[in-house]
Structure formats: C-alpha cells, structure tokens
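What follows is one structure encoded as structure tokens, with my remarks underneath.
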Amino acid sequence: MFQIWKAKECLNLFPSSRNVQTEADLIDALTVKLPYLGVTLLPLQFRQIKDPIEIIKMAITSQAGAYLHVDELIEVAKLLGLNSSEDISTVQEAIAREAAVAGDLQLAFDLCLVLAKKGHGHVWDLCAAIARGPALENIDIGSRKHLLGFALSHCDEESIGELLHAWKDLDMQGQCETLSILTGTSPSSFSDQGSSITSPPAYEETIDLKDYSELDGGASSGDREVCFSNIKNTLSFVTKNCRVDSGTDLESFLWENGKLVSFASIQLPWLLELSKKADNGKKFSTFIPGKHYVSIKTQAVVTILSWLAKNDYAPRDDVIASLAKSIIEPPVTEEEDIMGCSILLNLADAFSGVEIIEEQLRIRENYQEICSIMNVGMTYSLLHNSGVECKGPAQRRELLLRKFKEKHKPPSSGDCP
C-alpha cells in the first residue's frame, strides 16, 4: 500500500495529464472501488487481465448480491476505461444475466428494457426468456411484447419460429386484456359452470397437466365427459374442421394441449358472448396502432379468428360474416366497406356475401354510404368471377390488391335511388 500511495503522490505532480488521470482512475478502482465490491487485485494481476470486462464480471459474482450495486459497477467500469456506450451496455448485460440467475427477475427486466431501447442485440435471449417468464409486478403485456419483438429482431435463425409462437400467445393475451378493460367483464364470468379448469398464464410455454388433475382422476369420468362435451360444442360454433392428426382422437388431443383447453373452455365462451351483444356494436376510437374506429364486437371476433388461425382451425362462414358485418355496420366509411368486402371474400359460400351486401343496401339511408356499398358490391362480384380462374391463394391475393388499388369511382346518379 505504501508503494501505491507513493505512486499517487507522483501522479499528483501532473494533474492535468490525460494519461496521469487514467492511471489515477486505475489506482482508485483497484484500491477503493473493487475491494468494496469484494474483489482484491494486485497491480500485477490486473495487468495480466487483457479485457477489463472480466474484472467487472468478477465483481458481479464475487459475493451474494453484488450485482445489486449497479451504479457502483458502472462507475468501476468507467474507471477501468470502459467508457463507450457499448461498453456500458455490456456491463449492464452482465449485471442483468447475474440478476436473472439469482432470481431477481425485476432487476433483470428493468435492465433488459434499457438495453432493448439502446439496441444492444447481444441480450436478445435474456429478453426473450423474461418476456415468456413468470408474472412480475411491473411488467405488462406491452412490455413483454416490446422485449419479445426486440428478441425477434436480433435472434438466431433457429429461434425465430419458437419466438413467433410466443409472440402470438402474448398478442392473444393482450387482446383479451383490452376487451376485459373495455367491457368491465372477465373470461371467468362466462366460463362453463361444469368446468373446473383454471386458466394458466398465457405466457407459459409448457403446461403441466397435473394442474388439471381434478379432471383426470380427481373428478368423476362423468365430469370430464361433460367438460369435454362443452369444449367440443364451443369449438363447433367457430370452426368447421375440429380435427386432429390421424391416429389421435380429439379428446386425447385436447387433454395433451393445456393452453388450447384453457382458452376453449374459458376465453372462447366469453368472446362469443361479447361478439353477440348488440350493445357491443358501437364503434369507438381505439389506441391500437393501425386501427381507427372499431367496436367491441369487432375486436372480439378478430380475437377468435386469430386464435383459430394460430391453432390451424378454419373458421365457420358465420364467424367470418359476423366480422364483416361489424365492420360495415353504419355509420361507415368507404375504407371500412372495402375492408368488409375483403373479409367477405373468405367465405366458402359466395352468395352469403351477396346477401350481406344486399341487406346493407336496404338498411342504409345516407346517400354516400349507399353509393359506397353499391360500388363495393360490384367489386365483390367481379372479384369472385375473376377468382374462379386463379390457381391458388397467392394469385387471388394479387387479384384482390390489384382491384382495390384501382381508382374507386362512385356510381352514376342513375344507379342510385
């Protein structure tokens, strides 16, 4: 220590020198800051370490809870010459990873948010793990999606599919939470009375079937059959191909897929109820990016269709039709009519779409809205006639885009009543 003290006295002779300040910072880090964090290094040992970040990692893991001294660790890093933004991000990443290992997910989450905003891609795997992890007090669906979106932007090729699947789960949960807030209701208030299933968190990637033990041995076979029958009936309201791979019956498939059972037995009945209530047809301004005015009914049907698509179920025509009706229900803009027509093109029975358009033509009173639905109706017919010659979905999509990119001219005065 005497030699270090003499060295500091010598350095004080040249206080304005940049090199001298660097040496003084190193002495301060080795003699004061690092020992406080539980790391003792002799000058010779320090010189043998090529990358200063290794010293920071030693400080983080030197003693229990050392990772909590975030500001002190960053200060030491700067004293050791790690001054760039990328260097500080590397230090924060190391702290976040140690916090996650120690079970301090809140700190790991906070640091991951900071690193994601700074674009520090090396931490994508930790961001993904926290986004899909257990519930935390200050982490909402939006924050989870932010972390997962960041992970998707920086992950390796092998992880894209798995993270996209997790994103769909989070998006579905977010849609349900939005509807719950808007309506003041919850899925549990509409769950089947005969079902004793509890909904597991949507962010969990695996479902332990022991959570459903009350349906498999804990309850009578009759209760299980009733629950299965209710789920099957609910699915029949929204899908026309409630099927599974060959060799597996539907009941076995359901009980092997906990999240599917949970959604079909609890969220799905609630969403169906929301989609049928007349009061939910009123359109409102929404904060959802890319959308303008939608109704609770529309949002509920969109959520149902999203879930069906995620699980490879084809929706029934009446579900598709209900979405189109909720969008083109007056008051309506021409853009909404076009969107509704696009949705109607997904119907297996084209004549059902014609009936919906004709119904709108009868009930509308506003002149511009009548012209709009007539124009859309003619486009719908043309698209269906032209679509017969298309060989697949890709060609039909190109046809749809081309037709709606053309200038929409309102019908002549003689075409309108």
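Every read-out reported here was derived from the displayed coordinates using simple, explicitly stated rules and does not represent laboratory data. Given the structure is predicted, the values throughout are model-derived calculations rather than measurements. Here the Cβ is made from the backbone with ideal geometry for all residues, glycine too, and neighbour counts use every protein chain on show.
Cα centroid separation, the range 329-359 to the range 370-394: 10 Å.
Gain on full extension, evaluated as 0.36 nm per residue between residue 61 and residue 395 minus their Cα-Cα distance, stands at 114.4 nm. For the range 54-94, the extents of the C-alpha atoms along the principal axes are 28, 16, 16 Å, listed from largest to smallest. When 88, 60 are arranged by Cβ crowding within 10 Å, least crowded first, meaning fewest neighbours, the order is 88, 60. Scanning residues 5 or more positions from residue 239 or on other chains, those with amide H under 5 Å from its amide H are 316, with H placed 1.01 Å from N in the peptide plane. Out of residues 5 or more away from residue 294 or on other chains, whose amide H comes under 5 Å of its own, with H placed 1.01 Å from N in the peptide plane? Distant-sequence amide H within range of residue 294: 284, 286.
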